[in-house]
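Contents: one structure, followed by commentary.
The values are calculated or read from the model by the stated rules, or taken from the named source; none is laboratory data. Every value quoted in this text rests on a predicted model; they were computed, and no experiment measured them. When we count neighbours, we look across all protein chains shown, and the Cβ atoms used for this are built from the backbone with ideal geometry, even at glycine. Note: areas computed on protein heavy atoms with side chains; ligands, DNA, RNA excluded. Shrake-Rupley method; radii C 1.70, N 1.55, O 1.52, S 1.80 Å.
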Amino acid sequence: MPSVKYQRGDMVMGRWPGSSLYYEVKVLSFDTKSQLYTVIYKDGTELELKEQDMKSASGFQARTRSRSRSRSPGRRRSRSRSPARTTRRSSSRTAAVVAAAAITESAPSSRRDARLKEAVEVRLSPLAEAEPEKNQSRYNLRRRKDDGEAKQAEAKPEQLEEKEAKLAAAPSAIPTPLDFGGKIGAYFWLLFLPAWVLFVILQVNLADPSLANFPPPLPPIEDFWDAQALGFVVLWILFQALLYILPVGKLSEGMPLRSGERLKYRTNGFFAIVVSSVAAAVAVHQGVDLTYIHSRFLQLAVASFLISVLLSVYLYVRSRYATPERLALGGNSGNVVYDFFKGHELNPRIRDFDLKFFCEMRPGLIGWCLINFAMALAEMKYQGLDAPSYSMILVNVFQLLYVVDGLWNEEAILTTMDLMHDGFGFMLAFGDLVWVPFTYTLQAYYLVSHPNPLSLPALATIVTLKLLGFYIFRKSNSEKNAFRRNPADPKLSHLKSIPTATGKSLLVSGWWGVVRHPNYLGDLIMALAWSLPCGFSHLLPWYYMIYFIILLVHRDSRDMSECRRKYGSAWEEYCRTVRYRIIPRVY
Ligand code: NDP
């Protein structure tokens, strides 16, 4: 290193981007061309700083000591209290900075405050990431550690006073970038999603459900409501809840939370679908007319919507009282509508009953199969058939296979984005209880009154497509799941991976070396196979395919941002090696 003020290895105080706060950093190098120092913070964040943003540690301590002496203890206390008060308020980002300022300025020499300061320093890293462009233009921010480690550092002050410990353990006090079009987007989705479900249900009932017949006629208001339908939905959810809590099946461990804790989940979904199928078969045998589901579809959807809204209100209210370490990193904008929509509590539980896991995997998913089965019965009834059509059989079998596979490999959902990162709010509650069962069943519903005979070659092609998609989907998901659960598994020793600063590695060969989301590719091929049996007369049964492309492209970009944040340069290297996101050589 040339003769410059600070030398490699020096411990100095470096200014945190966008603030007037200084933290201890180690000098890694100096670039004579740009005149910038590369420094590393205690939490592993690397930055390039100008000399004017750095101070020698000795001079800095002397100054802060004299400043802290001049402050009254009373003032110090009141400052460090305020951030805790604001953790749930919209000004939480400011609160984090204020908290750090209070701690930095008050008594850095005391062990207790130093630990708290360290914890808050760690929390400030996401703050910088929330405005990467702004910071990078000047500081070239490179993050080295993931939330898990950051959280471990945050979790250190267990013995601190409750409020300070809460503050230290609350990265969610710092708002993350908003998804889904932000606050305006949340209003839009809250109105649009239910309206869309209503639209497709009304549309599919038309003899000619083409866009030319838009908008479909609205039924009289009293047709939307049926207390009996509500009763059936409630009974169905309770029945699934009963199966979920039965001590049958494995207790699986979720991924480590930021606190290091691992929650346990009863993964008995396969048992639940087997019992549900037997119950449905017995009901039909006993003369229960399941075509009721077809004839009261709208009312059942409205009842499910009502339940999803009530559940979301409950989730929002309880998230306001949840301890910080229970919260997801998103859903904390301070805007009621956005936070209600996005969800804030990561794993809301009533005792051991995990509400998000249950809703994701049970009533809607198994309900989807029950509805499809009812549509097959309705097709036979209304078209006077002795057996369902080939198209209906394909749609039923394909989607049943998808759900059964999901429930058989239920443990794999514990490593997905929904379970690991997203808070539980309206978006997931509505998705699980309304969107999945009442729009994913559209193809079967469509076939009830829009028959589409299939030739044998067409049938064989569709089956082949489905099997191909399923193979890619299953293999890639299992590969990643196995790797995440045990990277040292000898069965995976042939796979290459890139180490990351978090301790986790990224697969760069096998399925995850073909594209960055091979599981999405498989899923999309399967979606194609689900729509093809409905033919090309109308766009409506292709809705799932179109929606799914949008969903997965958006999901992929959300995941990319999250992985870039977590893995930094290792992720960039992965993206350079595996260039395509979902479809090789196309996208
Ligand atoms: P993934 O299962 O693909 O999970 C993404 C995570 O995998 C990343 O955040 C990262 O997490 C990890 N990861 C990414 N790249 C690598 C790599 N190269 N090596 C190792 N780990 C990596 O995403 P989803 O949760 O979105 O999807 C799960 C499945 O569910 C998919 O098959 C999808 O198609 C399906 N799905 C279906 C839906 C439907 O409505 N039918 C809706 C949504 C999803 P980390 O590093 O933290 O482990």
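Remark: the Cα gyration tensor places segment 201-279 in the prolate category, a/c being 1.5 or greater and a/b exceeding b/c.
Summarised in one figure, the compactness ratio Rg/Rh of segment 388-491, Cα atoms and Kirkwood Rh, is 1.06.
Across every direction, the projection of the convex hull enclosing the Cα atoms of segment 319-451 has a mean area of 9.5 nm². Working from label points 7 Å from Cα in the Cα-to-Cβ sense, the residue 295 to residue 274 distance is 3.5 nm.
I'd like to compare 491-502, 430-441: which one has the highest average count of other Cβ atoms within 10 Å, and what's the full order after that? Walk me through the numbers before you get to the answer.
Values: 491-502: 14.8, 430-441: 23.5.
Sorting 491-502, 430-441 by mean packing, highest first, produces 430-441, 491-502.
Peptides 534-545, 324-335 ranked from most to least packed by the mean count of surrounding Cβ atoms within 10 Å: 324-335, 534-545.
Computed with a 1.4 Å probe on the full set of protein chains, the accessible area for residue 31 sits at about 70 Å².
Annotation for residue 281 and residue 214: the two label points, set 7 Å from Cα along the Cα-Cβ direction, are 4.3 nm apart.
Between residue 241 and residue 579, residue separation times 0.36 nm minus the direct Cα-Cα distance comes to 117.4 nm. Rolling a 1.4 angstrom probe over the protein heavy atoms with all chains in place gives segment 454-587 an accessible area of 48 Å² per residue. Give me the percent of Cα-Cα pairs in segment 454-587 that sit more than 20 Å apart, rounded to a whole number. Here the long-distance tail beyond 20 Å is 52 percent of all Cα pairs in segment 454-587.
Tell me, in nm to one decimal, what length is gained between residue 464 and residue 383 on full extension, where the rule is 0.36 nm per residue of separation less the Cα-Cα distance?
Fully extending the segment from residue 464 to residue 383 adds 26.3 nm.
Annotation: extensible slack from residue 537 through residue 408 equals 42.9 nm (criterion: 0.36 nm per residue apart, minus Cα-Cα distance). Sparsely packed loop sites in segment 497-587 (the trypsin sites (Lys or Arg not before Pro) outside DSSP H, G, I, E and B with at most 15 other Cβ atoms within 10 Å) comprise 579, 585. Pairs from the list 356/566; 491/566; 26/55; 356/475; 250/491; 5/33 with a Cα-Cα gap above 20 Å: 356/566; 491/566; 356/475; 250/491.
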